[in-house]
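Asker: One structure, pasted below without further comment.
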Amino acid sequence: MGKGIAEGAINRPLLTWMLMIGCLLGGLWGFASMGRLEDPAFTIKTAVVFTEYPGASAEQVATEVSEPLESAIQQMSEIKFVTSSNKPGVSRITVEIESTYDGTELPQIWDKLRNRVNDAQGTLPSGAGPSRVNDNFGDVYGIFYAVTAPGFTDAERHDMSEFLRRELLTVTGVADVAVAGLPEERIFVEPDTAVITNLGLPPGAIVQAIADSNAVTDAGSVSQMGQEIRIDAPEGSGTVDDIRGLTIGVAGEVIEITDFARVYRGRVADPNMLIRFDGEEAFTLGVSGKDGENIVDVGRAVDAKLDALQSDIPIGVTLHPIYQQHVVVDEASSSFLVNLAMSVGIVVLVLALFMGWRAAVVVGSTLLLTVVGTLFFMALADLQMQRISLGALIIAMGMLVDNAIVVAEGMQGDMEQGKTSREAATDVAGKTQIPLLGATVIGIMAFAGIGLSPDATGEFLFSLFAVIGISLLLSWVLAITATPLLAHYVFRQGSGEDTDPYGGPVFRAYGAVLRAALRLRWLVVAALLAITVVCYWGFGQVKQQFFPDSNTPLFYVHYKLPQGASINATAADMAVLEDWLEARDDVVSVATFVGGGATRFMLTYAPEEALPTYGHLVIRTETLEDIPPLRADLEIFGRNALPEGEFRTERLAFGPGGGAPIAARFSGSDPDVLRALAEEAAGIMRASTDQLQDLRTDWRERELVLRPDYSEERAQTAGVNRADLATALQTATDGSRAGVYREEDRLIPIIVRMPGAAEPGAAHLIDQIVYSEAAGDFIPVEQIINGFDYGVEDTLYQRRDRVPTITVEAGVPAGVNASAVFTELRGPIEAMDLPDGYSLEWGGEYESSTEAQQSLGGQLPVSLLIMVVISILLFGKLRQPLIVWLLVPMAVNGVALGLLGTGLPFSFTALLGLLSLSGMLIKNGIVLVEEIDLTRADGVPFREAIVQASTSRLRPVVLAAGTTILGMIPLLWDAFFASMAVTIMGGLGFASILTLIAAPVFYSLMFPKADKEARQAAAS
């Protein structure tokens, strides 16, 4: 088969040229047409269920609302786990789906979830619900702007946001536009207490009158001459003045609201969220692209639309980019092309120096065709150009070069000996095609466990496996078709007078070293074992990192005040940080979010839960190098200037983030016991290591609560129940909602509240009045209560799988390895004596990495088995593949030396580099062992066969390793690929020694009888 294909590629050049031109033109088309994304399209399998239960404590919300809903939700077989965050009046249930379900199955699962939640509504207490299911939790709004409009009214800001949103939704490729941070307005109605008391006008009557005046009601229809004509209901209040002019009948008289109440429009004192950009009040616009769209094209279309709208946007309104995914992706693609061009250039230059310009042209052309052909097939398979798929091309580079080098080097040597190109192609193909194919498939299978995993890992990394599979198979096809044809055109046939193509000084020196190694083979094995043991120990000292830090010049600040603080207090503290950052020359912009996180603008960004005590900064610097010193200075300033809050900074990572590096979860039934366990664990952590920062729990602090001491007897006598008292206190503080005010498409709540409701403190509450329907009169609050008492209670009540769960969380200083810190404190924490019914689970980075390792561990054995079987089938024997596989564990040696020497961590990308390295090492080993077998079959004595075959493989092994190592140099300055580049460079350098020295030595040890017979024959 091999002879036919290689010789046929030369005899039928038209077909081969069609293949090459097809790869070239198809690659150009694929590059121009394929989608571009920042990260692989990946489904976040999370939904959130919100349920309001006004007036309930956090514990009541947990037991009366979250419990029945969680019980219903947990009956779904697709559920991985359910957590709930319970706050006074609000239940927030987070539903995580098993990662084995892909994105196409989620819509049906979310429908099932909605049905479960809807069915459970009947079990909720009166006043709770209805529940809302948000399954758009994972949508990414990668084109993210802050909009400032100084001097504009709140209504004008709302109009501008609606205008921009409406216009951007018309852009081709835009899926949604999310708006956040707009001013929250209300229409306030504040009746004069003395006047309504004299009139005997209960606040409930005011609320009802306002609600009725603006309600949308069906007025029916009439039939006329066979036509149904709908009757419009009378329109309600259209302006604030209309609300002031509303009338209410009291004791036979009709009075206007303005006679006894102040009506005005204003902002909410404590809004849900505040957003600023560079210290100026702002709102945000997030634009998401449709699935499968090229985000670069979508981003450019959005930019063009905004440019076209400039004439319609009032002067003073400015759009500030916080994050522009299309710019990031475009820069990443351009950078990749530069790195790829540099890598190919380095390969060609090295080949030209050591094999001559003719070999450089042949191998370089084949490599270029392989890369562009891969882009063609990627486009056909609808694989987008993103971080993982681009990385796959770089990872495969070493194996792509190797196939072409083996064929080109073999043909060049044969043709120098006087063979024709057809004879050389036939000879080389006959010896190497099947081993190369087997080794190529083995190299692909090294990544199959990751790419074909049925869970989230497989979904995220499928493009890695697909691109490596496409590129390696295409490289094999081109190596036995395009490479022979190009060699036929470029290589020159020698006279055949040269006696030995491997007679040069380098080959002779290598032969001498190898002969010495074969004589001292047991000493060589002992030395290899000793080096391996030392390197494995050194590898244990390498820092571990799941995902590297991003090369986007952004980082975050997270800030939390003690539970119970107002959003305005949090905003004031954030202003301190903004002022400090404004004075820094290395800061480009600062986006401030108070009350919650930003809209998800990256796939790997996880917004924090909305809390008035939470403040968040997104800080952009000029360059990546500006971040470490700025972050260090900000850490010092923030912790000193804001000691009452929890202050921490966080680098933007390439992979999933947002959680604490160290997290211990304690579960049980009693909140007091859980808090005691958390406090004990925190003390143990402090005593175990000094490398912790921001030790905290997710239940936060308990809050003060004001409780009226309700006098049952006096209240019943007065005809006032608990609900009447609660309504009166609500009207005296937050106010009661009395319908909505319609302003075009906006619905502004109308709030009835007593004068002084916004005043600080609770002294005015005792002077409030309650209307008694039974008495038909107002009753002072002090007559139906014995006073107010202060208490403390949990206002953040966390549950996991229906069990109260408190998590002790901690960060680590910048540059400190979280896994090393975890190792220090794991033992003491696990030694804690837990009460019966209470349990401990580890979260944080340990949980994430463990789940990832379990995912890989579940798939890699199958891939490994397939790789072993293929290697056995290639040789049809057992000892030869055993020789090859003995080399693989030693590949770690060079990796450990490289990472320790550079100080880089062993990250997820380094793991991919290690898999690639294993593939290259196995390929070299297979071809070498096959060559030794063929040389022995020609009748060459055993040891001489080993030396001759190994010498013939010296140049392709060294050149493939050298070109790959040098080709990785441009990636050393890329944050995402740096550790992978060092892994491949260091590992491949050592792997070359393993291939050229260790493999021959192992071969001689595997065939002691043949070695002994050969030596006896030589002696006789």
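Asker: Straight-line reach from residue 1012: which aspartates and glutamates have a Cα under 18 Å away, not including same-chain ones fewer than 8 places off?
Answerer: 933, 944
Asker: Considering only protein heavy atoms and a probe of 1.4 Å, how much of the accessible area of the stretch 365-410 is carbon and sulfur, as a whole percent?
Answerer: 67
Asker: Taking the structure as given and computing Kirkwood radius over Cα pairs in Å, which label from (1) 30.6; (2) 33.5; (3) 35.5 fits?
Answerer: Answer label, from the structure shown: (2).
Asker: Show me, bin by bin at 10 Å from 0, the whole-percent P(r) of the stretch 851-914 based on Cα pairs.
Answerer: With a bin width of 10 Å, the distribution comes to 17, 37, 33, 12, 0.
Asker: While we're on this one: Where the accessible area of the stretch 549-652 is counted over protein heavy atoms with a 1.4 Å probe, how much of it, in %, is carbon and sulfur?
Answerer: It is 52 percent, rounded to a whole number.
Asker: Taking the Cα centre of the stretch 45-137 as the origin and placing charges on Cβ (Lys, Arg +1; Asp, Glu -1), which of 48, 89, 121 is farthest toward the positive end of the dipole?
Answerer: Towards the positive end, the residue furthest out is 89.
Asker: For the stretch 475-491, list residues with backbone N below 20 Å from a point placed 7 Å from the Cα of residue 869 toward its Cβ?
Answerer: Output list for this probe position: empty.
Asker: Continuing with the same structure: If I take every Cα pair under 8 Å that is 6 or more residues apart in the chain, average their sequence separation and divide by the length, what percent do I get for the relative contact order?
Answerer: Normalised by residue count, the contact order of the chain is 17 percent.
Asker: What is the Cα radius of gyration of the stretch 45-137 over 2.2 N^0.38 Å, N being its residue count?
Answerer: Ratio of Cα Rg to 2.2 N^0.38 Å: 1.03.
Asker: On a 22 Å Cα-Cα criterion, which of the cross-link pairs 45/112; 431/877; 419/877; 877/1009; 80/560; 431/923 come out too long?
Answerer: Among 45/112; 431/877; 419/877; 877/1009; 80/560; 431/923, the Cα-Cα distance tops 22 Å for 419/877; 80/560.
Asker: Cross-link candidates for residue 543: which aspartates and glutamates have Cα within less than 15 Å, leaving aside residues fewer than 8 places away along the same chain?
Answerer: 824, 845
Asker: Leaving out ligands and nucleic acids, and using a 1.4 Å probe, what accessible area per residue does the chain come to in Å²?
Answerer: 42
Asker: Then there's this: Specify which residue in the list 588, 649, 418 is farthest towards the positive end of the charge dipole of the chain, using unit charges on the beta carbon of Lys, Arg (+1) and Asp, Glu (-1), about the Cα centre.
Answerer: 418
Asker: If you line up the long axis of helix 722-732 against the longest principal axis of the chain, both from Cα atoms, how many degrees apart are they, to the nearest 10?
Answerer: Helix 722-732 and the main axis of the chain meet at about 80 degrees.
Asker: Below 16 Å, Cα to Cα, which lysines can residue 305 reach? Residues fewer than 8 away in the same chain don't count.
Answerer: none
Asker: Taking the highest mean first, how do the peptides 110-117, 701-708 order by number of other beta carbon atoms within 10 angstrom per residue?
Answerer: Descending mean neighbour count gives 110-117, 701-708.
Asker: Taking the 0 to 90 degree range and rounding to the nearest ten, how far is the long axis of helix 567-582 tilted relative to the main principal axis of the chain, both from C-alpha atoms?
Answerer: Compared with the principal axis, the helix lies near 50 degrees.
Asker: If you stretched the chain out fully between residue 231 and residue 679, how much longer would it get, using 0.36 nm times the residue separation minus the C-alpha to C-alpha distance?
Answerer: Length difference between fully extended and current span is 154.7 nm.
Asker: Could I ask something else about it? Using the Cβ atoms and a cut-off under 13 Å, what net charge is assigned to the surroundings of residue 260, where Lys and Arg are +1 and Asp and Glu are -1?
Answerer: -3
Asker: Of the beta bridges DSSP finds with both residues in the chain, what % are antiparallel, to the nearest 5?
Answerer: DSSP beta bridges in the chain are roughly 95 percent antiparallel.
Asker: For the stretch 549-652, just say rounded, prolate or oblate: build the C-alpha gyration tensor, square-root its eigenvalues into a ≥ b ≥ c, call rounded for a/c under 1.5, and beyond that prolate if a/b exceeds b/c, oblate if not.
Answerer: Taking the square roots of the gyration eigenvalues as a ≥ b ≥ c, the stretch 549-652 is oblate.
Asker: Using only alpha carbon pairs under 8 Å that are at least six residues apart, calculate the relative contact order of the stretch 549-652 and give it in whole percent.
Answerer: After rounding, I find 46 percent.
Asker: What order, most packed first, do the peptides 868-880, 948-960 have when packing is the mean number of other Cβ atoms within 10 Å of each residue?
Answerer: Taking the mean over residues of other Cβ atoms within 10 Å, the ranking is 948-960, 868-880.
Asker: Going by a ≥ b ≥ c, the root eigenvalues of the Cα gyration tensor, does the stretch 328-400 fall in the rounded group (a/c under 1.5), the prolate group (a/b larger than b/c) or the oblate group?
Answerer: Note, shape of the stretch 328-400 comes out prolate.
Asker: Still on this structure, I have one more. Find the percent of Cα-Cα distances in the stretch 640-798 that exceed 18 Å, and round it to a whole number.
Answerer: 74
Asker: Could I have the simple spin-label model distance between residue 938 and residue 707, label points 7 Å from Cα toward Cβ, reported in nm to one decimal?
Answerer: Taking the simple label geometry, residue 938 and residue 707 are separated by 9.5 nm.
Asker: Ignoring ligands, DNA and RNA, what percent of the accessible area of the stretch 869-1020 is carbon or sulfur (1.4 Å)?
Answerer: C and S atoms contribute 67 percent here.
Asker: How tilted is helix 505-519 with respect to the longest principal axis of the chain? Cα atoms for both, answer in degrees (0 to 90, nearest 10).
Answerer: 90
The values are calculated or read from the model by the stated rules, or taken from the named source; none is laboratory data. Given the structure is predicted, the values throughout are model-derived calculations rather than measurements. As a convention, Cβ positions derive from the backbone with ideal geometry for all residues, glycine included, and neighbour counts pool all protein chains shown. The accessibility values were calculated without ligands, DNA or RNA, using every heavy atom of the protein model including side chains. Shrake-Rupley method; radii C 1.70, N 1.55, O 1.52, S 1.80 Å.
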